[in-house]
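Below: the structure, in structure tokens.
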Amino acid sequence: MNGRNMAAALALFTLSVPWALGCGLALADDAFACPKEAPPQCESARSSLTEAQSAVQAAAARRALWTTAADALDEAQSAFLRGNYEVARRAAEIAMEQARLGIAQSDYPMFPFPSH
């Protein structure tokens, strides 16, 4: 991939990630509610999922979103919809941690290039 193609792909990714996350977050309000007959783990998973969505959105806004955070959030959402609340909670925790690490990494100073 030449420089021009890489720049175009990066620009497309940069524009599409916040949009895709915004669409997912709009869905979250309606799709991720615990049914009345759900076990107690549902509420814990829903709470973790909400926190993970916020963390991933914050990382995306700072252009610090790691794919592992986005993938973990996708897994958490899928597991929640399948009713596998423990897997959803664990995946949401991974998404939060990966988003936090991405943000922390973006705060590091740039590595200076060698002068030779």
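General observations
- Answer residue from the stretch 65-105, given it is basic (Lys, Arg) and closer than 22 Å to Glu37 by Cα and is farthest from the chain's Cα centre (by Cα) among those: Arg82
- Ser106 vs. criteria at pLDDT 95 or above, among the small types (Gly, Ala, Ser) and exposed (fewer than 14 other Cβ atoms within 10 Å of the Cβ): no
- Number of residues in the stretch 63-85 that are out of contact with any helix residue (DSSP H, G or I) (no Cβ under 6 Å at 6 or more places or on another chain) and of a type outside the set (Val, Ile, Thr) equals 10.
- Filter result for the condition that a residue is within 23 Å of Ala104 (Cα to Cα) and in contact (Cβ under 8 Å) with a residue 24 or more places away in the chain, over Ala45, Ala31, Ala55, Ala38: Ala55
- So Gln77, is it touching a Leu at 6+ places or on another chain (Cβ under 6 Å), among the polar types (S, T, N, Q), surrounded by 15 or more Cβ atoms within 10 Å (Cβ to Cβ) and in a helix (DSSP H, G or I): no
The values are calculated or read from the model by the stated rules, or taken from the named source; none is laboratory data. It should be emphasised that the depicted structure is a prediction, and the values quoted were computed from it without experimental measurement. FYI the Cβ positions are ideal-geometry reconstructions off the backbone, even for glycines, and counts take in every protein chain you see.
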